[in-house]
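Worksheet for the structure shown next.
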Amino acid sequence: MIEFFLPMEKIPTTTHQQKKVNVRNGKPIFYEPVELKNARAKFESLLARHVPPDKLKGPIRLTVKWCFPMIKGVRIGQYKTTKPDTDNLQKLFKDCMTKLGFWKDDAQVASEIAEKFWSEVVGIYVRVEEWDDELYTFL
C-alpha cells in the first residue's frame with residue numbers, strides 16, 4: 001500500500017477535457033493549453049517522490065480525496081458539490097500517475113474512490129492498494 005498527502009496552496013482545476021484543437025491544412029491538430037500543461041507539470045512534480053520502485057501489478061484500488069480551500073458558507077469536511085467533477089479531476093491525475101510509473105496501465109484501477117471536500121488543509125490525499133484477489137472476491 002502507498003499512502004501520502006500532496007499539500008498545495010491551490011488545487012489545479014484544469015481538466016483533461018480542456019485540450020484544444022487547431023486545423024492546419026485541413027487536418028485537426030490537438031494540443032494542451034498552457035493551463036493544462038502547468039497542471040500536469042504540478043501533479044507530476046508532486047507525485048514523483050511517491051512513485052514505487054516497481055510498478056504495481058494486478059487490480060488496484062485508488063482512493064483520492066480532493067481537499068479544496070474553504071469558502072464562505074461551508075463547513076470543514078463538507079462535500080464540495082460544485083465543479084469540477086471528480087471524474088474530470090481524476091483523469092488527468094491518473095494519467096500523471098501512469099506516466100510516472102505507479103502502474104503499467106490505468107485500466108488496472110479496478111476500484112476507485114474519489115471525494116471532494118472543503119478543508120482548511122488544501123491538497124490531495126492519495127491511497128493506492130494492490131488488491132489480493134483472494135481477499136476481494138465478490139460474487
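No value in this document is a laboratory result; all are computed from the given coordinates. Note that the coordinates shown come from a computational prediction; the quantities given were computed from them, not determined experimentally. Because the Cβ atoms are built from the backbone with ideal geometry, glycine has one as well, and the counts that use them run over all protein chains shown.
Here is how the numbers come out for the structure above:
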{"read-out": "Stretch gain in nm, segment F30-D54, where the contour uses 0.36 nm per residue and the Cα spacing is subtracted", "value": "5.4 nm"}
{"read-out": "Label-point separation, D87 to A114 (7 Å along Cα→Cβ), nm", "value": "0.8"}
{"read-out": "Long-range amide H partners of K80 with built H, under 5 Å", "value": "K116, F117, W118"}
{"read-out": "Point-charge dipole on Cβ atoms (K/R +1, D/E -1) for the chain, about Cα centre, debye to 20", "value": "860"}
{"read-out": "Cβ-based charge dipole, the chain, positive-most Cα from V34, T14, C67", "value": "V34"}
{"read-out": "Cα pair distances of the stretch 2-130 binned at 5 Å [whole percent]", "value": "2, 10, 19, 22, 18, 14, 8, 4, 3, 1, 0"}
{"read-out": "Packing-based order for 86-96, 38-48, 66-76, using average beta carbon neighbours within 10 Å, highest first", "value": "86-96, 38-48, 66-76"}
{"read-out": "When each of K65/K91; K10/K99; K10/K57; K55/K83; K27/K91; K65/K104 is checked by Cα-Cα distance, pairs over 21 Å", "value": "K10/K99; K10/K57; K55/K83; K27/K91; K65/K104"}
{"read-out": "Label-point separation, K104 to N22 (7 Å along Cα→Cβ), nm", "value": "3.8"}
{"read-out": "Derived scalar couplings ³J(HN,Hα) [the stretch 101-117; Karplus, 6.51 cos²θ - 1.76 cosθ + 1.60; whole Hz; x for Gly, Pro]", "value": "x, 5, 8, 6, 8, 5, 5, 5, 6, 8, 9, 9, 10, 10, 9, 10, 10"}
{"read-out": "Over the chain: helical MRE at 222 nm, DSSP H runs n ≥ 4 each giving -39500 (n - 2.57), nearest 500", "value": "-7000 deg cm²/dmol"}
{"read-out": "Under 13 Å, Cβ to Cβ, from V74 - net charge with Lys/Arg +1 and Asp/Glu -1", "value": "+3"}
